[in-house]
Amino acid sequence: MDSTNAAAERAAQAGAPEGTCIVAQTQTAGRGRLGRRWHSPRGGLWLSVVLRPRAACASANPGMLSIVAGVAAAEAIRATTSLPARVKWPNDVIVAGRKVCGVLVEGRWRGSALEWVVVGIGINVCVDLGGLPPEVRANAGTLLAPSDPAAPFVLESLLACLLSRLEAAYHDFLSGGFSGILERARQHCSTLGQRVVVTGRGAPIEGLALDIGPDGALVVRTAFGDVRVSSGEVSIRVQTPGGGPAG
Ligand code: BTN
């Protein structure tokens, strides 16, 4: 399999119905956010789901759906493994400071409405981190050691739990809009209350992460006032005991 997102997009283009799910044991061309490569060896859960939210929810956008997916992934990891999974805004799932799961949502617009969306989720369940490139390994985590005898069962039960949490969270979103998921997104978010730097298209934005807004944007209190950030990469500023940033 090249990429479950690419395969799901091909399926969506060919008319695959909402809920179509593609799961792979490995990917040769896994895609990450911001055009990055996503390393997808054995021991991971690599899956993509086709959604067609257009008719049901006119305001749906990929950013909101990626937060819905991040919440579902964190909840599924907690329920299956009891690990304290949290979400780094917008949708990275972190355990013990390390990224164990990433979400990539890609969509096709027809006019101002979404024709289809592919929600891609990658979870390092029992991945050999030693096989990842050093720059990925520096921040990556895995839920279990590859040699853990429970690994095959956890992979299977996590897949089932993730699909059912994703379905439930998506239906909450369709029936209640983003407010149907917002409280859970806030509860699971490890970014709120932290000093952050958000990098993206424009100049970096530095300040205190205050809240997730009703549209999914991160509200950052900067020296120049509150700024709403709708996309970007968040780095947490670690405070030294003296009060200054550690770097
Ligand atoms: C990120 O950069 O954090 C997002 C990574 C998303 C990876 C998943 S693995 C399953 C699906 N297929 C892909 O090619 N990418 C996503």
(message) For a quick check of your reading of the filter: which trypsin sites (Lys or Arg not before Pro) in the stretch 169-245 sit in a DSSP loop and have no more than 12 other Cβ atoms within 10 Å?
(response) Arg201
(message) Per residue, how large is the accessible surface of the chain? Use a 1.4 angstrom probe and give square angstrom.
(response) 47 Å²
(request) Using a/c under 1.5 as the rounded threshold, could you call the stretch 1-104 rounded, prolate or oblate? The axes a ≥ b ≥ c are square roots of the C-alpha gyration tensor eigenvalues, and prolate needs a/b larger than b/c, oblate otherwise. (result) oblate
(message) For the stretch 158-211 and the stretch 44-105, what is the centre-to-centre distance using only Cα atoms, to the nearest Å?
(response) 8 Å
(request) As a check on your grasp of the helix formula, calculate [θ] at 222 nm for the chain: sum -39500 (n - 2.57) over DSSP H runs of n ≥ 4, divide by the residue count, round to the nearest 500. (result) -9000 deg cm²/dmol
(request) Could I have the simple spin-label model distance between Ser157 and Ile236, label points 7 Å from Cα toward Cβ, reported in nm to one decimal? (result) 2.8 nm
(request) Work out, step by step, the length gained on full extension between Ser179 and Leu210: first 0.36 nm times the residue separation, then minus their alpha carbon distance; give nm to one decimal. (result) 9.4 nm
(request) Quick one: Debye curve from the alpha-carbon atoms of the stretch 122-211 only, equal weights, vacuum; give me log10 I(q)/I(0) at q = 0.15, 0.21, 0.23 Å⁻¹ to two decimals. (result) -0.95, -1.07, -1.06
(request) First check a/c for the chain, with a ≥ b ≥ c the square roots of the eigenvalues of its C-alpha gyration tensor; if it is under 1.5, answer rounded, and if not, answer prolate when a/b is larger than b/c or oblate otherwise. (result) oblate
(request) Whenever you get a sec, compute what percent of the accessible area on the chain sits on carbon and sulfur atoms (1.4 Å probe). (result) 54 percent
(request) Subtracting the Cα-Cα distance from 0.36 nm times the residue separation, let me have the gained length for Arg108 to Val23 in nm, one decimal. (result) 28.5 nm
(message) Please list 3J(HN,Hα) in residue order for the stretch 121-132, calculated via the Karplus relation 6.51 cos²θ - 1.76 cosθ + 1.60 where θ = phi - 60°; whole Hz, with x for glycine and proline.
(response) 10, x, 10, 7, 7, 9, 8, 6, 5, x, x, 8
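The values are calculated or read from the model by the stated rules, or taken from the named source; none is laboratory data. Remember, predicted model here, so these are calculated numbers, not experimental data. Because the Cβ atoms are built from the backbone with ideal geometry, glycine has one as well, and the counts that use them run over all protein chains shown. Areas reflect the complete protein model, heavy atoms only, side chains present, ligands, DNA and RNA absent. Shrake-Rupley method; radii C 1.70, N 1.55, O 1.52, S 1.80 Å.
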